[in-house]
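A quick write-up on the structure given underneath.
Every number in this text was worked out from the coordinates using simple rules, so none of it is lab data. All values reported here derive from a predicted model rather than from experimental measurement. Positions of Cβ are backbone-derived with ideal geometry, glycine not excepted, and every protein chain shown enters the neighbour counts.
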Amino acid sequence: MGYENDEKGNLSKRVNRANRENRLQLVYEGHFIGDQIKSPAGKGQFSLHTVYCSEGVSYVYFTGESGKFQQMDILIGPGCYQLWVVLKGGISLHFSKSDHALEVVEDRCLLVRAGSEFSVGSLPGSSVDAMLISLSPELVDKVSKGLDDFQGWESLLRHQQGYQIYIESKPGEVMLQIVRNLAFNEYEGCFKRHLVEMKVLEFLLLMLMQQKERGLDITGHPQAMEDKVLQQMHQAREILMHRLSDPPSLRKLALEVGTNESHLKRHFKEAFHQTVYGFVIDKRMEKALELLKDKDLKIVEIAERLGYKHATHFSAAFKKYFGGHPKDYR
């Protein structure tokens, strides 16, 4: 792993000591971004490859294996912005003041602002390749006042329970190259700190330019999903979560949340980046991994709990999703 610090030579010693204790702690004295990453005991751990720390920007590049659920807890400085970039797979963000997980899927990037404590877990069924970039509010505020492309960018803000979403987009090739360079420590030398900051800000500017190309006016009001519609989608999601073994039909689900089937399908995908059916399958397979840890439960019992009439149907769905038989995951 590569741990970087431009100003405090003794940080690497503290990081190595903390790492032996199953914790990474990156702390500057004074008003700085502090990053603390800890893998909870008894849960799969992401592999941390590169952790970088400087006054305005810090980041961690991590991966997760296919077919295994991984999770880690993170603490960042108060008021910091989080830039998530998922290159492969999918992650689920759990913020302390929110009842709803925020999912970021493959080939997406997201700029959010939330509480200082949160956890990130892998979505089932695929490996994970992702980066978290933490930006100090001082840096972002300084740049937003000095660059035209940042003027009015906060009008894109969408308030959610426990967190705020500013920009979401699909990274282009230039943006992906910036992430690769950060992940593999391509920026070296005495000006590394400044290069990293400039490249991260370039990434943000490219995200804003994408919003303009999509016809969104960042000087006016965003064309975001209405609060009522978003609330309906979260309600639909909660209904599905509590009825995974017997989910309602699309028509019944739409009626329960006060919309129609067509709007449900369209807005659900816009809100969570997956279809209703895909969501049910994901959550069933995630639950299956949890139930398989109980070796006293038979495969047929697990199948019944998840709503499969026959164990063979469950095994076939599981193998299609994970690539192996349920018995292989016990």
Check your understanding: What FRET efficiency comes out for the pair Ala311/Gln235, r = Cβ-Cβ distance, R0 = 41 Å, nearest 0.05?
Key -> 0.80
Study note, to complete from the structure: Once phi for every residue in region 305-316 is put through the Karplus expression 6.51 cos²θ - 1.76 cosθ + 1.60 (θ = phi - 60°), the whole-Hz ³J(HN,Hα) values, with Gly and Pro written as x, are 4, 8, x, 8, 5, 10, 4, 5, 5, 5, 4, 5
Exercise for review: Run the quick spin-label model on Lys293 and Asn185: label points 7 Å from Cα toward the beta carbon, then report their separation in nm to one decimal.
Suggested key: 3.4
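Subtracting the Cα-Cα distance from 0.36 nm times the residue separation, let me have the gained length for Glu117 to Lys142 in nm, one decimal. Provide the component values of the computation, followed by the final result.
Working: separation 25, 0.36 × 25 = 9.00 nm, distance 2.46 nm.
The Glu117-Lys142 span can extend by a further 6.5 nm.
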Review point. What ³J(HN,Hα) values, in whole Hz, does the Karplus curve 6.51 cos²θ - 1.76 cosθ + 1.60 give for region 96-112 when θ = phi - 60°, with x put for Gly and Pro?
Key: 4, 9, 10, 8, 10, 6, 9, 9, 10, 9, 3, 6, 10, 10, 8, 9, 10
Practice item. Could you tell me what % of all Cα pairs in region 227-329 have separations over 23 Å? Key: 33
Point to revise | Formal net charge of residues neighbouring Val143 (Cβ-Cβ distance under 12 Å; K, R +1; D, E -1) | key: -4
Check your understanding: Which distance in nm do the two modelled labels at Leu176 and Leu255 give, with both placed 7 Å along the Cα-to-Cβ direction?
Key -> 4.5
Point to revise | Hz values of 3J(HN,Hα) by residue in region 152-163 - Karplus curve (6.51, -1.76, 1.60), Gly and Pro given as x | key: x, 5, 6, 5, 7, 4, 10, 7, 10, 5, x, 7
Revision key, fill the gap. For Gln160, other-chain or 5+-apart residues with amide H closer than 5 Å (H placed, Pro excluded) are Ile165
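Once fully extended, how much extra length lies between Lys192 and Leu205, figured as 0.36 nm per residue of separation less the alpha-carbon to alpha-carbon distance?
Details: separation 13, 0.36 × 13 = 4.68 nm, distance 1.98 nm.
Fully extending the segment from Lys192 to Leu205 adds 2.7 nm.
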Review point. With each label point set 7 Å from Cα along the Cα-Cβ vector, what nm distance links Lys327 and His263?
Key: 5.0
